[in-house]
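First the structure, in the form of structure tokens, and then the observations on it.
The values are calculated or read from the model by the stated rules, or taken from the named source; none is laboratory data. Since we're looking at a predicted model, the values are computed, not measured. Note that we place each Cβ from the backbone using ideal geometry, even for glycine, and neighbour counts take in every protein chain shown.
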Amino acid sequence: MRIHTVSNLATPSLPDYPTVEVVIPDCCNIGVIFRSVLIANVSVLLACLARQSSLRGGLADFVELSLLLELAVLCSLLALCALRRAIKTAAPWVQRAGCALAPAAVTALLVRFLSSLDLFGERFGSTSMVPAVLSAAFFGILLQHYFELRTRAFSPALAEARLQALQARIQPHFLFNSLNAVLSLIRSQPRAAETALEDLADLFRVLIRDAGAMSSLQEELALCRKYLAIEQIRLGARLLVDWDLAGIDDKTLRSARIPSLLLQPLLENAVHHGVEPRADATPIRIRLGRTLDRIDIVVTNAVRPDALATGGVWNGGNHMALDNIRERLLLLYDVEAQLNTRVANGMFEVRLHIPYRKAA
């Protein structure tokens, strides 16, 4: 077994990051792009069908408009993607105005450009400028309102997920066992007991932060090492930790931003289901890597034979922590992040893929 230690993971301070109300959609997100293109195309298609008396005429109108439509939608999303970074700290009304003005300006430039070409001059003349610009501004406001309402609709689910996470991540038995472990060290190893209490305090300080707070990958790993150090006191030689960070460099560890307490629940699951039920030394393997603009995290732990149903299908645990993480990923990243699990060769494996995003 190859053990990779992280010597540069000193105990960093874990600052609190201010929460800013952002109502402009993240138009760099694949899910936002897909939904915007779909809504715009379906709306224009229905408008063309309603305006024409025949299905064939409506489809012909839609085909003629499709070039301008696709260019306007994609270029507007690109413009809003760049604009979001500049105005996301502005007042909400400024952000909403930008969602209308940016598509209108992009569409006006496209109509002007297409009308200057002989091939499209008749279809996109000066008379089509005003309707196209007004339609683009309307769709910009409509989509901004839709994504804002969608984010608010997820908020109750996020609050509920956080309440479940409080139960699943820092369970009462973990606190009880950790305090007992510290008490057993106070006389024989007072310095180790003091360190364990500091680690426990850091865990709870991060726990009570905003569920949407972000931290660096390095800070998250440092927090996970604190958690495992506490469990090491309780489990002793039964807990073996294999860190494999060969696929990621120090610069990425410092710059990558991930949701706080995203990795720790996975390790708690691995300890609870993979190490606690066994009397012998049992490894937990954590492998991190970066592939282009994606961070890959793999956590592997042993499973009990009685947790495997017929056919080798995993039948252990209530998956609460995994469901919590999936809900957080859906809210924060939409379809750009995935969490997959599988059982192979008596090992339970969790694969987490999140976008590589750096601090602003």
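With respect to (1) under 19 Å from THR341 (Cβ atoms); (2) part of a loop (DSSP other than H, G, I, E, B); (3) among the basic types (Lys, Arg), the lone exception for ARG285 is condition (2). Whenever a residue of the range 242-267 is in a helix (DSSP H, G or I), its partners that are among the β-branched types (Val, Ile, Thr) and buried (at least 19 other Cβ atoms within 10 Å of the Cβ), lying with C-beta atoms within less than 7 angstrom and at least six residues away or across chains, give the pairs PRO265/ILE325; LEU266/VAL299; LEU266/VAL350; LEU267/ILE284; LEU267/VAL299. Picking from residues in the range 242-269 that are under 20 Å from VAL303 (Cα atoms) and either charged (D, E, K, R) or not assigned by TED's automatic domain parsing to the domain that holds ALA229 (or both), the one that is surrounded by the fewest Cβ atoms within 10 Å (Cβ to Cβ) is ASP242.
Looking only at residues that are β-branched (Val, Ile, Thr) and at pLDDT below 80 in the range 277-332, which one is surrounded by the fewest Cβ atoms within 10 Å (Cβ to Cβ)?
Only one residue fits best here, namely THR310.
Within the range 51-78, the residues that satisfy the criterion of being among the small types (Gly, Ala, Ser) and either under 39 Å from the mean Cα position of the chain (by Cα) or within 30 Å of PRO25 (Cα to Cα) (or both) are SER66, ALA72, SER76. If you check ALA72, ALA90 for being surrounded by 14 or more Cβ atoms within 10 Å (Cβ to Cβ), more than 21 Å from ALA136 (Cα to Cα) and out of contact with any strand residue (DSSP E or B) (no Cβ under 7 Å at 6 or more places or on another chain), only one passes: ALA90. As for the range 335-350, it holds at least one residue that is in the same structural domain as ASP202 (by TED's automatic domain parsing), in contact with a helix residue (DSSP H, G or I) (Cβ under 7 Å, 6 or more places away or on another chain), modelled with pLDDT under 85 and closer than 23 Å to LEU217 by Cβ. Pairing each residue of the range 270-287 that is assigned by TED's automatic domain parsing to the domain that holds LEU239 with any residue that is assigned to a loop (DSSP other than H, G, I, E, B), provided the two are 6+ apart or on different chains, yields C-beta distances under 6 Å for HIS273/GLY316; HIS273/GLY317; PRO277/ARG304.
Restricting attention to the range 109-142, the residues that are under 16 Å from LEU78 (Cβ atoms), modelled with pLDDT of 90 or more and either surrounded by fewer than 18 Cβ atoms within 10 Å (Cβ to Cβ) or among the acidic types (Asp, Glu) (or both) total 1.
Residues of the range 198-218 being in a helix (DSSP H, G or I) and at pLDDT below 90, which ones? Break it down into steps so the answer makes sense when it comes.
Keep residues of the range 198-218 that are in a helix (DSSP H, G or I), which gives 198-207, 217-218.
Scanning the range 198-218 gives GLU198, ASP199, LEU200, ALA201, ASP202, LEU203, PHE204, ARG205, VAL206, LEU207.
Checking each residue in the range 291-303 for being closer than 21 Å to PRO265 by Cα and assigned to a strand (DSSP E or B) picks out ARG294, ILE295, ASP296, ILE297, VAL298, VAL299, THR300, ASN301, ALA302.
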